[in-house]
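Below: the structure, in structure tokens.
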There are 2 protein chains.
Amino acid sequence: MAAEDDTALGDTVERFSQARSAQSQALLEDYTEMIDDLLREVGEARITDIARHMGVTHPTATKAVSRLKREGLAQSRPYRGVFLTEAGLAMAERVRARHRVVVDLLVAVGVPAEAAELDAEGIEHYVSDTTLAAFEAFLAARR
Amino acid sequence: MAAEDDTALGDTVERFSQARSAQSQALLEDYTEMIDDLLREVGEARITDIARHMGVTHPTATKAVSRLKREGLAQSRPYRGVFLTEAGLAMAERVRARHRVVVDLLVAVGVPAEAAELDAEGIEHYVSDTTLAAFEAFLAARR
DNA sequence: ACAAAAGTGTAGCCATGGCTTCATTTTCGC
DNA sequence: GCGAAAATGAAGCCATGGCTACACTTTTGT
């Protein structure tokens, strides 16, 4: 038969679907955060800079920025830098805070700082609000 | 200028590149683990079952299995089920163990079990060996 | 035993996120 | 102030991972 025996396998569909949909969001978050970083530290976010820091070519960065604009997260005018909208800034702030919490938690449980920084980049996108709250509580209790 | 000021932004390229390349591996791992689960619990892994549990259509599962075969992780004959090679079994075992450690760690730091299970599905793929070792050490110390 | 149902395979489409190439526009250095 | 260098834009290619549609096996039920 091997058809209806879902018993031990649980709601795998939900789990995987959710993990997959998180991926599309991850890119938006990464670019948004990078643009915010550049705006803060360099004063402007130009396509070339974004591309270089993201490790992609400039057309790829242009495409990503187009998507950010489509999603209402960024604005830009030809040959001018890229800027974040209110929504974009909010996302950047949220992502930045989450990233910090994730890194802190990893370090708190004994992960070497360098590995923590590296892994957090991938991990952070899959940390739900619930989990994030738990991380914060754990860190607060430790402190 | 806004061009060479990499100072505060660090090696972002490496981080992002690594996170991106991890994604392609994630799918292989997920399918491999699912096939292993099915083989263990149902006795066979058929395309339709794999598809259903992964939340995709059967042609998508077929493509994924093709890729697994290409990578030497699985074997299959038309209209027969899918089986894992030695390498596939090894990967499944590794993935399964890592998954368990990640869930355990999340729970250990206070994440509700359900959220831990859900988030682990995305997180696990980005946990490096270094971080995994740290998780294990943390759990061992707690126990 | 054989028709219907279920499973599988194959082809081809779409979106995404990379890429290269080339044209155009800015910016810079002299 | 102008020519060269750098940045940007636009077009088009590739692979991946989804999908639908349709053809063909295999299994199943009567």
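For segment A:1-84, what is the convex hull (Cα atoms) projected area averaged across all directions, in square nanometres? Walk me through the intermediate numbers first.
Details: hull surface 31.8 nm².
Projected area, direction-averaged: 7.9 nm².
Within 10 Å of each Cβ in A:123-135, how many Cβ atoms from other chains are there, averaged over the peptide? Could the numbers behind the result be given before it?
Working: counts 11, 3, 4, 9, 6, 8, 1, 7, 11, 3, 4, 9, 4.
Counting Cβ atoms of other protein chains within 10 Å of each residue's Cβ and averaging gives 6.
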Here the correct list, in nm and shortest first, of distances from A:ALA140 to the same site in the other copies, label points 7 Å along Cα→Cβ, is 3.3
Taking each label point as 7 Å beyond Cα in the direction of the beta carbon, state the distances from A:ARG70 to the same residue in the other copies, shortest first, in nm. 2.5
For B:LEU27, inter-copy label-point distances (7 Å, Cα→Cβ), nm, shortest first, read 1.3
Rh (Kirkwood; distinct C-alpha pairs) - chain A, Å: 17.0
Given the rotation that superposes chain A on chain B, what residue of A brings its beta carbon nearest the axis, and what is the distance in Å? A:ILE123, 3
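Can you give me the orientation-averaged projected area of the convex hull built on the Cα atoms of segment A:43-101, in nm²?
It is 4.3 nm².
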Which aspartates and glutamates have a Cα lying under 15 Å from the Cα of B:LYS63, excluding residues fewer than 8 positions away in the same chain? B:GLU29, B:ASP30, B:ASP49, B:GLU71
Orientation-averaged projected area, Cα convex hull of the protein assembly as shown (nm²): 16.7
Give the average, rounded to an integer, of partner chain Cβ atoms located within 10 angstrom of each Cβ in B:113-121. 6
Within segment A:101-143: backbone nitrogen closer than 11 Å to the A:ARG94 label point (7 Å, Cα to C-beta): A:129
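Each value in this text was obtained by applying a stated rule to the coordinates, not by laboratory testing. Computed from a predicted structure; not experimentally measured. Please note: Cβ atoms are built from the backbone with ideal geometry, for glycine as well, and neighbour counts cover all protein chains shown.
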